[in-house]
1. Consider just the alpha-carbon atoms of region A:122-347 and return their Rg together with their Dmax, both in angstrom.
2. Of A:K157/A:K256; C:K516/C:K600; A:K256/A:K301; B:K92/C:K600, which ones are farther than 26 Å apart at the Cα?
3. Mind checking which of B:S139, B:P177, B:V200 is farthest towards the positive end of region B:76-207's charge dipole, using Cβ charges of +1 (Lys, Arg) and -1 (Asp, Glu) about the Cα centre?
4. Any chance you could list P(r) for the protein assembly as shown, counting all Cα-Cα pairs in 10 angstrom bins from zero, rounded to whole %?
5. Among the lysines, which have Cα under 21 Å from the Cα of C:K488 when same-chain residues fewer than 8 positions away are ignored?
6. Compare the peptides B:172-180, B:96-104 by average per-residue count of other Cβ atoms within 10 angstrom and give them in order, highest first.
7. I need the calculated FRET efficiency for the pair C:M188 and B:E15, taking r as the beta carbon distance and R₀ as 25 Å, to the nearest 0.05.
8. Quick one: the Cα spread of region C:95-210 along its three principal axes, in angstroms, biggest first?
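What follows draws every value from the coordinates through simple rules; no lab data is involved. Quick caveat: nothing in here was measured; it's all calculated off a predicted structure. Cβ atoms come from the backbone with ideal geometry, glycine included; neighbour counts cover every protein chain shown.
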Amino acid sequence: MKGWMGKFRALFLLGSLSLILSGCGVDKVSALKPEGYGAELLYDLMILSIAIMIFVFIVVMAIYTFVLIRYRQKKGQEDYIPKQTEGNKMLEIIWTVIPIILLLVLAVPTVTAVFDLAEESSDEADIRIDVTSAQFWWQFDYAGEEISTSQDLYIPKGERVYLTMKSADVIHSFWVPSIAGKIDTNPGDNENTMYLEATEEGVYWGQCAELCGPSHSLMDFRVVVVSPEEYEQWVSDMQNADPEAEPETQVAQEGKEIFENNCLSCHAIGSQPKGVGPNLTNFGDRTKVAGIMEPTKDNIKQWILNPNEIKPGNTMPANLVDEEEAGKVAEYLMQLKPSEVTPESAQ
Amino acid sequence: MSNEDILNPKQMPHEPEKATLEGKNKFVGFWFFLGGETVLFASLFGTYLALNDSTAGGPGTEELFGLELVFVMTMLLLTSSLTSVYAMYHMKNNNFSKMMVWLGVTVALGLCFLGFEIYEFYHYIHEYEFTFRSSALGSAFYTLVGFHGGHVLFGLLWIMTLMGRNAKRGLNLYNAPKFYIASLYWHFIDVVWVFIFTVVYLMGKVG
Amino acid sequence: MSTAVAQKKGFGAFMWDYLTTVDHKKIAHLYLVAGGLFFLLGGLEAMIIRIQLIKPDNEFISAGLYNEMITMHGTTMIFLAAMPLLFALMNAVVPLQIGARDVAFPFLNSLGFWLFFFGGVILNCSWFMGGAPDAGWTAYAPLSTTSPSHGVDFYVMGLQISGAGTLIGGINFLVTIVNMRAPGMSYMRMPLFTWTIFVTSTLILFAFPALTVGLFLMMFDRMFGSVFFDVAAGGNVIIWEHLFWIFGHPEVYILILPVFGVFSEVFATFSKKRLFGYSAMVFATVLIGFLGFMVWAHHMFTTGMGPVANSIFAVTTMAIAVPTGIKIFNWLFTMWGGAIRMTTAMLWSVAFIPTFTIGGMTGVMLAAAAADYQYHDTYFVVAHFHYVIVGGVVFGIFAALHYWWPKMFGKVLNEKLGKWAFWPFFIGFHLTFFIQHFLGLMGMPRRYWKFLDGQGLETGNLISTIGAFFMALGVIIFVWNIIYTHMKEPKASADPFDGRTLEWSIPSPPPFYNFKQTPLVRGLDALWIEKSEGKKAMTPAEPLGDIHMPYGSIIPFVMSLGLFIAGFGFIYQVDNPVWLSLVFIGMGITLGSMFVRSVKDDLGYHIHKEDLEKGDGQL
């Protein structure tokens, strides 16, 4: 692909491929609509590999079609015995060498990308987040900021955010297709790292990509990409959030009490202490309940009463409180909005 | 070759273990089998090496192992390998009774080895509370060494069965391959032990 | 009255015959029937999976049951359908292709089958005994080691027992090919199918022990309290991934290489041409087998092995595309200049080329380690391996069955029905799986019980499910074809397709001793050489003489039954030590039958020359 003609053709092919493929999928979900450094790098690699493969496929299919049309046994020639060729050195060398060259063309950018994406944080000032997966939710601890949250991961646009991944139980895999690739979260000492660098603001779909139990398919989360200023704001709001703050309405106050008696042993509000269940500090700002349902009071109630009906196999006990109490807890949780910066800001 | 010829050969050929097609098949097949066994032990070694520091607060290899006992065990097994070579030498010379004697010595040495191994495990369990369940190192150690011990036991039972079955009828072209591959198996067990001695005990002691 | 008794007796004798047989041709029948039934079972599971995914947020089956379905679909198809069907082909064909009267170890051949069979039965018993395994066919720890039901225990015991059977089969075929070739058949005159079986058997030999060890560790963790995969006690869950894939990747080539052999035979026969570039094909087969052991970690690019390991495994994986490409071109040029007859066997083979090319290409895309961070564990991967395994292995098995059916059963499968089975399956296959590439890239991970509305995944999944029904239709027509053929079609001749290799030089089906006189092989395509010189049959390499044959035995069946019984003991002794008695009974039966086998001489018998001459007219 050195000559200008070759270059032109290759570019044309790549361009039209990109056009066709980017028609696929939904914004903020699909790997074919990259809006992050990693996803874009990988998208380019994908397009390059598809282009090479399509070239190979066309060659194979051309020979294939010709052979099948030209060399069918004709009527009346049943006794014809074709020449018994043993092989052809030249041809065999050609179809050994050309694939090797094509593979080298693919191997070089592959290796470059592998090393590029393996970069780890070298600066204390970087944003570093510990990601912990558990059946079937995600915990995010902002290193050095004393912020803990779950399910919605806030990051600033245009900055590299370094993630350290581990798991509290079985192996999961952290994947935000539109921003970056995925990496497994392992239990024990096998910690992994990756980084996110979003190029657009928005709310991105993240999911678990390693079979982790019955509700594997429901272990969704969101990455909320906001402007750097909004991110600063969010950080300071979260740090200043007062877990003890009294809710405004009577119902919510009652809800707080019920929550403290029944739920606090697992669910933390504020960054301390760490609970075994999702951190609920900014629950009122969440995009979804349990990662999959609209954040309405009814849905929250339904979840509190029987979480296993919605996410089979999760460890939250059912019917800790009655229906009326669940409503009050929902009321309390929905007003937990410590920050002005919400998913709506990410547009 | 008819069955009569196989059971009552007029004279022993140079390589009785490969004189019949069945014998040849056994010979080749057993070598392949040992290839598979090699992968089996390689996987166990790999697992052990991945876990040899995972003591979970329990005793580590340096604290546990004493080289004296293991050295004696190594000598026992190496010697037994040598005695099985003598046995095969006598088989080729069609000297059945000498073959049986040397096989007997091999079995005796193998039994001693096994006895020491059982003592060793007993010692770790009772003196150090180092068990199969106490740490990942324990699981890996007992699995690797235990698999080897299981092979030794199986080999002993195998050789003893062969000796018992053929005690009265002497050598022929039907049982010669059987004796031969049993001795191959025994050598293999021995080689595995050399690796265990090096990787588990020496490296565990020296660090 | 008397006829009923006679029939009953006939059936009993028939069953006894198959339970005790050590004849490779009958063992091939056993593998075919058992593998075929498991294939239908795995297909049923696939249909249930596709129905669950027909629309977003579907509640057709529960989340737990869905995980059991995907686990059992994968495990069944790989271990209990594809492998035994290939073993059926090996058994039916390899001894005939090399001019042998049986395999090297007829007894072990039978043992291998029964171990596989009882392993498969144990695994499927789980459905009726508290739930099937639910941790995926890859059974990653600690999901598998902590799975609460007994399902994974059944997985461990079932695969351990059937795996032992496979290993025995692999060794058996290695020795058969090394030692039992007819005079004149040097390695470079072996038919390519035999070559691929040779390499496959080597892969089995060196790959399966890794699985054996993995399964032992898992068994110890689940049943005897060891802590290999318990991170709290210093365990490491990545060990399982390595052991599984050190086995698992060669396994892929264990499946695909035999069908490469099948296609090589089919293309040559139905183009009436010698295989193009035979020595390059042999070389490519060996190279694929060798490289197959160097690439296992490409299944683990997202495990976190670091950039160096990822790069190395990416490059070695890409390298495999080269020998595979050589094969594709050699097949194309085998047809080039030939006289192509589009029989059903050829149709399946011709359909394989574009399908497998796509599967191979997506394989190279997946090998690009960084890009795999996007593809990994998505429907892109699902699409890729179905293109390879269905488009390669299943197409190949269909081609082989059409090709060798007369040799196995004495009748040529009906051509018209064969083509009717082909088209819905072929179209359905591409409908089902092509779209899945895009579903994966659009963000759908694999093993998802539900996908949600509004993610753009609705149409693709619907199309995929529709395609699955077409495939099912194709399979039903194929089954009907078997029944129809055996009721209506006439007896086949010895050489119905104008074949090139030794199996076509003897009657269809062959007598139980295969070759009355061992043939003399004078080159590649031994029979073709004789035919092209105007001869009707092979030149014998020996005068007519007595033929040595092995006795049948029930011991393999009993030995496997013992392990089957012990398997349940192992699984349930966790709940109550009383079950340990089953372990002792089962192991006692197995070791006891090994002892009996050891001390009882089994020298076989001879068919006398005179009887062979007498039977001449009927053969």
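1. Cα-based Rg and Dmax for region A:122-347 come out at 16.8, 51 Å.
2. Details: A:K157/A:K256 35 Å; C:K516/C:K600 29 Å; A:K256/A:K301 14 Å; B:K92/C:K600 24 Å.
A:K157/A:K256; C:K516/C:K600, as the Cα separations exceed 26 Å there.
3. After comparing all options, I get B:P177.
4. Going out from 0 Å in 10 Å bins, the protein assembly as shown shows 2, 9, 17, 21, 20, 15, 10, 5, 2, 0, 0 percent.
5. The qualifying lysines are C:K407, C:K411, C:K416, C:K419.
6. Packing proxy ranking, top to bottom: B:172-180, B:96-104.
7. 0.35
8. 58, 24, 17
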